Amino acid sequence: MTNPSFFKRGLAIASLALALAACSSGEVPAGHSSADRNEGHTKSSSGLPAGNIAAGDKFANAKRPPTNQACVECHGTNEDDSHPIDPVTPRLAGQYHDYLAHSLQMYRDGDRAHPLMSLQAKDLTDQQIADVTAYFGSLQSDKLRDLHGVH
């Protein structure tokens, strides 16, 4: 005689496995987007090359086409009281570099849209993204904080 709870548990596990298999598209999340496949751009911040803080500093402070604006002009640096230009512009100083990298990749690939950021990010290379996010991630911030160990 079989145990009814054992049968129900097995049925639930099998149903979950089938549901997960049906939802899977077969694509690897860290794979290249179709628009960037030929360029070799990665969609995952874990696939980026190592970032160079000094190169990122130079990049973040350089005015670049098509808007002729530098990253720090809008986002600030938190140095010498340099803050974002307005309350709705994100503060990048001290932010996790992988979060920033993923955001820039999404702007570049068209998966996230903003009138200015989409233009600024559309031609970024993986190395430029790694460098500029390493730079902003290295900055000290009195406004961002890690929530680990709060409890």
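The values are calculated or read from the model by the stated rules, or taken from the named source; none is laboratory data. The model shown is predicted, which means the values in this text are computed figures rather than measured ones. Counting neighbours? That spans all protein chains shown, and the Cβs are built from the backbone with ideal geometry, glycine included. Keep in mind that these areas ignore ligands, DNA and RNA; they rest on the heavy atoms of the full protein, side chains included. Shrake-Rupley method; radii C 1.70, N 1.55, O 1.52, S 1.80 Å.
Quick one: length gained pulling VAL88 to ARG9 fully straight, 0.36 nm per residue minus the C-alpha distance? Going from the current span to full extension adds 23.5 nm. 3J(HN,Hα) couplings calculated from phi for region 63-72 with the Karplus curve 6.51 cos²θ - 1.76 cosθ + 1.60 (θ = phi - 60°) are, in sequence order, 6, 10, x, x, 9, 6, 10, 9, 3, 5 Hz; Gly and Pro show x.
Amide H contacts of ARG64: GLN69, ALA70, each under 5 Å away and 5 or more positions distant or on a separate chain (H built 1.01 Å from N in the peptide plane; Pro and chain starts excluded).
Output the peptides 112-122, 50-60 sorted from most to least packed, where packing is the average of other Cβ atoms within 10 Å over each peptide's residues.
50-60, 112-122
Residues ASP123, ASP86, ASP131, ordered by accessible area of protein heavy atoms at a 1.4 angstrom probe radius and largest first, appear as ASP123, ASP86, ASP131.
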